1. Name the residues of region 44-69 whose amide N is less than 14 Å from a point 7 angstrom out from the Cα of residue 98 along the C-beta direction?
2. Where the only charges are on Cβ atoms (+1 Lys, Arg; -1 Asp, Glu), what is the dipole of region 27-125 about its Cα centre, to the nearest 20 debye?
3. Given an 8 Å cut-off on Cα distances and at least 6 residues of separation, report the relative contact order of region 38-148 as a percent.
4. If you roll a 1.4 Å probe over the heavy atoms of the protein chains, what accessible area per residue do you get for region 1-75, in Å²?
5. Pull out the extension gain between residue 116 and residue 31, defined as 0.36 nm times the separation in residues minus the alpha carbon to alpha carbon distance; nm, one decimal.
6. Quantify, in whole percent, the carbon and sulfur part of the accessible surface of region 1-114 (1.4 Å probe; protein heavy atoms only).
Amino acid sequence: PDHPVALLSRARLAAVANPDAALPAWRAVVAARPDYAIGHRELIDALLERDVVDEALASAERLLALGETAENVDAAVPALRAAGQMTRAAALVEKMAARARDERWRRALTAGDTAAARQQLQARLDAGDDAVLDPLLDLLELDDVEHDATANGAALRVLDAAIARHPQDANLRL
């Protein structure tokens with residue numbers, strides 16, 4: 001009976017049968033399994049519904065310590081905001097957005113769509129995200145630049161933009 005699914009089921013049934021029972025049920029889940037992220041997520045929601053911000057924040061901190069997954073961040077951010085930690089909440093939201101942007105070009109590349117991956121990376125570079133410079137240059141090297149004038153032109157534009165942004169970087173010189 002300390003199995004996460006059993007604990008989760010009992011807590012959800014208790015919350016449906018009696019909304020006032022939700023908070024003690026989720027506290028019991030987290031007490032029995034402090035490493036169970038779903039328990040923390042549900043506890044945070046129940047605590048914030050009752051305006052118990054300090055405990056929600058503590059549970060959010062424990063949840064984030066388990067891992068900064070998209071689901072955990074989504075659950076923790078309202079507790080951070082309720083506790084007045086706006087800067088930290090915004091930083092976590094931006095971190096998740098950056099991770100999602102990174103996953104999009106990687107999924108395109110995995111699917112074999114190098115043009116879409118290159119386009120997404122180029123858009124990020126144009127927006128000032130220099131972190132994509134190395135993967136973009138690596139991706140452009142995959143193109144057969146001897147036979148593809150478009151890829152060759154794209155590679156030169158990326159290299160020119162990189163040199164303009166980082167004129168002292170000797171690695172960008174041919």
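1. Backbone N within reach: none found.
2. Numbers: 15 positive and 15 negative charges, 104 e Å.
The calculated dipole for region 27-125 is roughly 500 debye.
3. This gives 15 percent for region 38-148.
4. Per-residue accessible area for region 1-75 comes out at 53 Å².
5. 25.9 nm
6. Its accessible area is 57 percent carbon and sulfur atoms.
The values are calculated or read from the model by the stated rules, or taken from the named source; none is laboratory data. Everything numeric in this text was worked out from a predicted model, so none of it was measured. Don't worry about glycine lacking a Cβ; one is built from the backbone with ideal geometry, like all the others, and counts go over all protein chains shown. For accessibility, only protein heavy atoms count, side chains too; no ligands or nucleic acids. Shrake-Rupley method; radii C 1.70, N 1.55, O 1.52, S 1.80 Å.
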